[in-house]
Amino acid sequence: MRTLYLRIVITTLVVMIFSSLLAFIISNAYYQSNLKPHNDKRITGMAHDIVTFYEKNQNVNIDAYLESIGKLGYQIYLVNEDNKGSFYGGEYRKKDLDTKIINSVIAGQEYHGIANFPSSAFITGFFDNVLTNTVGVPLVINDEPYAMFLRSDVEVQFGELRFFFALLLVVTSLLSIIFVTVSTRYLVKPITKLTEATKQITKGKYDIELQVNRSDEIGVLASNFSEMVRSIEQLEEMRQEFVSNVSHEIQTPLASIKGFAQMLQEKDLLEEQQRHYLSIIEDESQRLSQLSKQLLTLASLDKEQGILEKTTFDVAAQIKQIVTVTQWSWREKELALDLDLPTTNLTGDQKLLYQVWTNLLTNSIKYSNPGDSISIRVWSEDDYCCIEIEDTGVGISEEDIPHIFTRFYKGDKSRSRQDVRNSSGLGLAIVKKIIDLHNGKIEVSSQQRIGTTFKVTLPNM
């Protein structure tokens, strides 16, 4: 299996090679369409200059003259009508030339082999050292007609530059490969760290530190990955704590049910003892039932998506209904209720909010002493609906207040052991979750032996 590092290196090299080939083809096409006619015209002008100079200086030795021209960087072929010719300057790679071409030039026509040189994708005509890739002009020497074919000697004109360019190309290619290899390693290294980190996470190890000091996409990825690891670690801790708490909450009533069920099997129990044990078993069973319902509620609330069924309803009427339903509880404790519930419309999930008011009110009743009072107020404030439930009960200690919405949390310093034992520690967690789903907020203020106030603010839209 190829690694990402190898893939990037190979891809980069392939791109370099392909780009070089494509650049050569484009350059060759540009030469064929633009530079080749210009080059032909330039060589033709040089050939005419050579002929003109010789015609004006007939006393010049033609061989010496053409040899000196050849040394200046040109390749020359001089041939007469008997097809006897001489070469001056650099050697041609191919010296084949059609006799018809030679005869036409001797007859006075010009030959433009450079301009008419056949095009090819990978061969630039400028460098093709063949006799057909020349310019031919007529020349008269001692009253005898000749044909002179001329082209630039690329090797002479470039001289040592060709070695320089060749060396430059080789060194550039080697350095490119080295730099691509090194830079790709630098690019891939953070990804390799991320891969190793994911392996550690699958093993349950979350103490991972990614030292990636980069501000590019990989740096952002590493930063987000670190945040994700921390979130997963917190989630795992919460999950373990949740499982532990659930196990504890279920185990306690189950142990009570098992113990009292075993005691009921004794034959010499009084009828009064049997009723007492049976009532305890009934209470513990009810506690288990309540716990399972609350766990199912939290599970459904945690899904969040599509759970709310919003309608517009009178929240004051809903609270009045809850007060009526719970009247046996607050009347049994002889609690005084002060209600300020004007008609107030609210848009939200009626069933879930019903549970919110029920949980808050039953909490106030549970943790109030006989003869205490509870006040409930509802009012509108700008685009918000406010609900406040205040009691004069036992209150909540200052150190417990930040944790009361945490699942399974039970503060017992200011409350009776019986109340704490009968509490699942999920009621206020459910309240907070439902209010969060409605984009609202819940505030609590409390003092021990003075009372507690819960204020819920919900957007009325």
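Here are the numbers for this structure:
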item	result
Sequence-distant aspartates and glutamates (8 or more away, or on other chains) whose Cα lies within less than 16 Å of K199	D207, E209, E233
Computed label-point distance, nm, for sites T343 and L308 using a 7 Å Cα→Cβ extension	2.5
Eligible aspartates and glutamates near K441 by straight Cα distance, threshold 13 Å, same-chain separation 8 or greater	E388
Ordering of 61-71, 225-235, 369-379 by burial proxy (mean other Cβ atoms within 10 Å per residue, highest first)	369-379, 61-71, 225-235
Listed pairs K41/K100; K320/K433; K293/K351; K333/K366; K41/K84 exceeding 20 Å between Cα atoms	K41/K100; K320/K433; K41/K84
Along each principal axis, Cα extent of segment 284-384, largest first, Å	44, 43, 18
Computed E for V130/D49 - FRET, C-beta separation, R0 25 angstrom, nearest 0.05	0.60
Sorted peptide list for 433-444, 11-22, 274-285, criterion being average Cβ within 10 angstrom, highest first	433-444, 274-285, 11-22
Point-to-point label distance, E334-R42, nm (Cα→Cβ direction, 7 Å offset)	11.8
FRET E, pair S285, I191, Förster distance 51 Å, beta-carbon r, rounded to 0.05	0.35
Per residue solvent-accessible surface (Å²) - segment 324-406, probe of 1.4 Å	50
Anchor K258: aspartates and glutamates whose Cα lies under 20 Å away (excluding residues fewer than 8 positions away in-chain)	E249, E266, D268, E271, E272, E282, D283, E284
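The values are calculated or read from the model by the stated rules, or taken from the named source; none is laboratory data. These numbers come from a predicted model, not from an experiment. Backbone-built Cβ (ideal geometry, glycine too); neighbour counts: all protein chains shown. The area values use the complete protein model at the heavy-atom level, side chains included, leaving out ligands, DNA and RNA. Shrake-Rupley method; radii C 1.70, N 1.55, O 1.52, S 1.80 Å.
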